[in-house]
Amino acid sequence: MKKIFLLATTLVFAVSLRSQTVFIRSGKIEFERKTNSHRLFFSGETDSWVEEFKKLVPQFRTDYFDLVFTENKTLYKPGKEPEVEKTGFFESPAMENIVFNDFARQASVSQKKFYDAEFLLSDSTKAIKWKLEPETRTIAGFECKKAITKICDSVVVVAFYTDQIITPGGPESFNGLPGMILGLAVPRLYTTWFATKIENISTADEAKLMAPVKGKKAAAKDMINKVADVVKNWGEKYRDRSIWFITL
């Protein structure tokens, strides 16, 4: 009887430990952003010059971004240097985006650069309508759940979030899910963001979690109009993709 009691107690204790989930309230996430440059810039193109340009542009480009977060704030910014140096030639927009969110105040400040123009936007945090899906996948050691939304009326965005990190943020300005977004895909931009590692941060790091200050103050619609004007002669496809990137 004593053995049975000990076995039962051990099983209850093991189940109790398994049911205890550790919730993370602060840290730094490294995101790896991958873009299929050939599909982004040359999909649908049939002219003879396209194949020559493809030789000058690596098919895949990888960039890194860091997301520092506390329970109520996030700061998304460029991370370590990319594997391929920036050339200014056939590079996607949003490579130098900095996005700060204060969820307690529902405030957002973004610093966005498009070629020589640098914008500073202050607004409320984006109100995003997500559709939750049953699919799951593991990212950086965390079990994540799937959610879908749209930007610019028709551009589908797929996200994977974990409720083990309670901050409702993510890459760029995406937010509003029951936890942190660790994976993101925008198929029409041929680009994905996936967390590669998550680290602890110190009190000093938390103190640096502040909104960007550089750039010309502008409203989102003014920035979009400026971008559309710059690329108006480059074709509708490139114009639309530039706007989608800059509004992420």
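Just rank 160, 23, 245, fewest to most, by other beta-carbon atoms within 10 angstrom. Numbers along the way, then the final one.
Working: 160 25, 23 10, 245 22.
Listing 160, 23, 245 from fewest to most nearby Cβ atoms yields 23, 245, 160.
Decide, for region 176-248, between rounded, prolate and oblate: order the square roots of the alpha carbon gyration tensor eigenvalues as a ≥ b ≥ c, take rounded if a/c falls under 1.5, and otherwise choose prolate if a/b is larger than b/c, else oblate.
On the way: a/c = 3.07, a/b = 1.55, b/c = 1.98.
Since a/c reaches 1.5 but b/c is at least a/b, the shape of region 176-248 is classed as oblate.
Any of 28/237; 80/208; 145/237; 129/221 with alpha carbons more than 28 Å apart? Name them for me. Each step should come with its number before you reach the end.
Values: 28/237 35 Å; 80/208 17 Å; 145/237 32 Å; 129/221 20 Å.
Violating the 28 Å limit, Cα to Cα: 28/237; 145/237.
Among the DSSP beta bridges whose two residues both lie in region 30-246, what percent are antiparallel, rounded to the nearest 5?
95
Quick one: net charge of residue 70's neighbours, Cβ under 12 Å, K/R +1, D/E -1? Working shown, then result.
Numbers: positive: 25, 28, 73, 208; negative: 71, 102, 205, 206.
Net of charged neighbours comes to 0.
Relative to a virtual label point 7 Å from the Cα of residue 206 in the Cα→beta-carbon direction, which members of region 95-120 show backbone nitrogen distances below 18 Å?
Residues 101-105 qualify, since their backbone N sits under 18 Å from the label point.
May I ask you to sort 165, 29, 181 by Cβ crowding, counting other Cβ atoms within 10 Å and putting the fewest first?
Working: 165 24, 29 27, 181 30.
Listed from fewest to most nearby Cβ atoms, that is 165, 29, 181.
Of 69, 219, 41, which is farthest towards the positive pole of region 30-246's charge dipole, taken about the Cα centre with +1 and -1 on the beta-carbons of Lys, Arg and Asp, Glu respectively?
So the residue we want is 219.
Taking neighbour Cβ counts within 10 Å as the exposure measure, how do 234, 244, 193 sort from fewest upward? Walk me through the numbers on the way to the answer.
Values: 234 10, 244 20, 193 24.
Fewest-to-most ranking of 234, 244, 193: 234, 244, 193.
Convert each backbone phi in region 196-202 into a coupling constant with the Karplus relation 6.51 cos²θ - 1.76 cosθ + 1.60 (shift: θ = phi - 60°), then list the ³J(HN,Hα) values in order as whole Hz, x for Gly and Pro.
10, 7, 10, 10, 6, 10, 8
For region 30-246, rounded, prolate or oblate, judged on the Cα gyration tensor with a ≥ b ≥ c (square roots of eigenvalues), a/c < 1.5 rounded, else prolate if a/b > b/c?
Working: a/c = 1.63, a/b = 1.38, b/c = 1.18.
Judged from the Cα gyration tensor, region 30-246 comes out prolate (a/c at least 1.5, a/b above b/c).
Every number here is computed from the coordinates shown, using simple stated rules; none is lab data. Since the model is a prediction, treat every value here as computed from it, not as a measurement. Reconstructed Cβ throughout: ideal geometry from the backbone, glycine too, with neighbour counts over all protein chains shown.
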